[in-house]
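Here the structure comes first, spelled out in structure tokens, and everything after it is commentary.
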Amino acid sequence: MPANIALSYPEIERVSGVLDTSVDSTLVPRMTEAKQEVENLLTNGLVLSKSSPQLTDQYNDFNTKLTDAMNAIKSFADQFRQIKTSFESMDADIAEKVASSSK
């Protein structure tokens, strides 16, 4: 019969680390670079007196929302770690109760 619950603590930590690293080392830095490129474009290469400020504001709003969403990925890593910690504690509690009941 297949198990209803299976946990691999090392895999939980590995995947959580992948999520954190993806956000910190790839996603947010690339969005920061893209934002700088767009700012340069709208101040040097695509300058329209009325449209450029609106485009800048719109892109900044988009960039902020996207960066917030990317940072939220780390909350999944935190949730996974919290689940692992909860199960570790529960396992220890059960083991302690079993040990004390056999005395």
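The values are calculated or read from the model by the stated rules, or taken from the named source; none is laboratory data. Keep in mind that what you see is a predicted model, and the values were worked out from it rather than measured. A quick note on method: Cβ atoms are made from the backbone with ideal geometry, for glycine too, and the neighbour counts reach across all protein chains shown. Accessible surface areas use protein heavy atoms only, side chains included; no ligands, DNA or RNA. Shrake-Rupley method; radii C 1.70, N 1.55, O 1.52, S 1.80 Å.
Here are the numbers for this structure:
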| quantity | calculated |
| --- | --- |
| Helical mean residue ellipticity (222 nm; -39500 (n - 2.57) per DSSP H run of 4+; nearest 500) of the chain | -26500 deg cm²/dmol |
| Cα long-axis angle, helix 9-21 against the chain (0 to 90 degrees, to the nearest 10) | 10 degrees |
| Charge dipole of the chain about the Cα centre (unit charges at C-beta), most positive-ward option of Tyr9, Pro29, Leu19 | Tyr9 |
| Carbon/sulfur fraction of accessible area - the chain, other protein chains in place, 1.4 Å, % | 58 percent |
| Neighbourhood net charge (13 Å Cβ-Cβ; Lys/Arg +1, Asp/Glu -1) for Ser86 | -2 |
| Cβ charges +1 (Lys, Arg) and -1 (Asp, Glu), total dipole of the chain, debye | 120 debye |
| Selected from Met90, Met31, Met70 as most flexible by GNM, with the chain as the system and alpha-carbon contacts under 10 Å | Met90 |
| Alpha-carbon gyration tensor eigenvalues x 5, square-rooted, for the chain, Å | 50, 11, 10 |
